[in-house]
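Asker: The structure follows.
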Amino acid sequence: MKNKNGPKTIWEGLLCAVPFLMLFSGGISLYDGLHRFKMLPDTGMKAVFTDSLNYSLLFLLGFLSVAAFIFKNNFSLWKDLAIISPLIFIFGGFGHFIYVNGACDTSPKKFHKVRIIKIYTKRRSGYLSKHMKIESWHHPGKTLSLSVGSGADCDAAANPTRLEVITHAGRMGYEWIKSYKCL
């Protein structure tokens, strides 16, 4: 039995796939963007999310406009897409925003030499992770806490006192850390 409310043309079928592709690619972009392009610890994710909403809602509006034109004879399917698409576009747009901030960044490297205040470990869910508290190069007198990955060029036993942090400005305006090494 044929579904009366389902996609009737190839264009309708392709348009129905867009939100799911947005969800999938947004999730991958979010994961990859957060791991490869580490934003500064004092960057408020609420501000990043709010800025990403401008782009997400613009793309959502464009998508729903095209969908309204293509689904002009299938209101039920358009309505279903209009109900599920906003949350998917907001999540996907956030992931793409974070990824584009680092991946499309062409700004020059900035080198910051800062003092290491403290090296410590944290235990979460049975895992130990190493962290450093360092001086902030943006706000004198304040500190930042960096998670030190296994590939970091710092040995706590050697008692490092200085750290060189390499950052980029970020395509969307959010500074991110490319690398760091103990001096």
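The values are calculated or read from the model by the stated rules, or taken from the named source; none is laboratory data. Note that the structure is a prediction, hence the values are computed from the model and not measured. Cβ sites come from the backbone with ideal geometry, for glycine too, and all protein chains shown count toward neighbours.
Asker: Starting from region 132-143, take each residue that is closer than 16 Å to Cys182 by Cα and list its partners that are of a type in the set (Asp, Glu) and surrounded by fewer than 17 Cβ atoms within 10 Å (Cβ to Cβ), counting only C-beta distances under 9 angstrom and pairs at least six apart or across chains.
Answerer: Partner pairs satisfying both residue conditions: Ser136/Asp42.
Asker: Another question, if that's okay. Please enumerate the residues belonging to region 99-131 that are modelled with pLDDT of 95 or more, among the β-branched types (Val, Ile, Thr) and surrounded by 11 or more Cβ atoms within 10 Å (Cβ to Cβ).
Answerer: The answer is Val100, and nothing else.
Asker: Name the single residue that is nearest to Phe111 (Cα to Cα) among those in region 166-183 being among the hydrophobic types (A, V, I, L, M, F, W, C) and at pLDDT 90 or above.
Answerer: It comes out as Ile166.
Asker: OK, next. Within region 46-61, is even one residue at pLDDT 85 or above, more than 14 Å from Phe97 (Cβ to Cβ) and not hydroxyl-bearing (Ser, Thr, Tyr)?
Answerer: yes
Asker: Restricting attention to region 29-57, which residues are touching a helix residue (DSSP H, G or I) at 6+ places or on another chain (Cβ under 9 Å) and over 21 Å from Asp105 (Cβ atoms)?
Answerer: Result: Leu57, single match.
Asker: With respect to the numbered conditions (1) more than 24 Å from Leu14 (Cβ to Cβ); (2) crowded, with 19+ Cβ neighbours inside 10 Å; (3) under 21 Å from the mean Cα position of the chain (by Cα), which one is the sole condition not fulfilled by Leu163?
Answerer: The number of the failed condition is (3).
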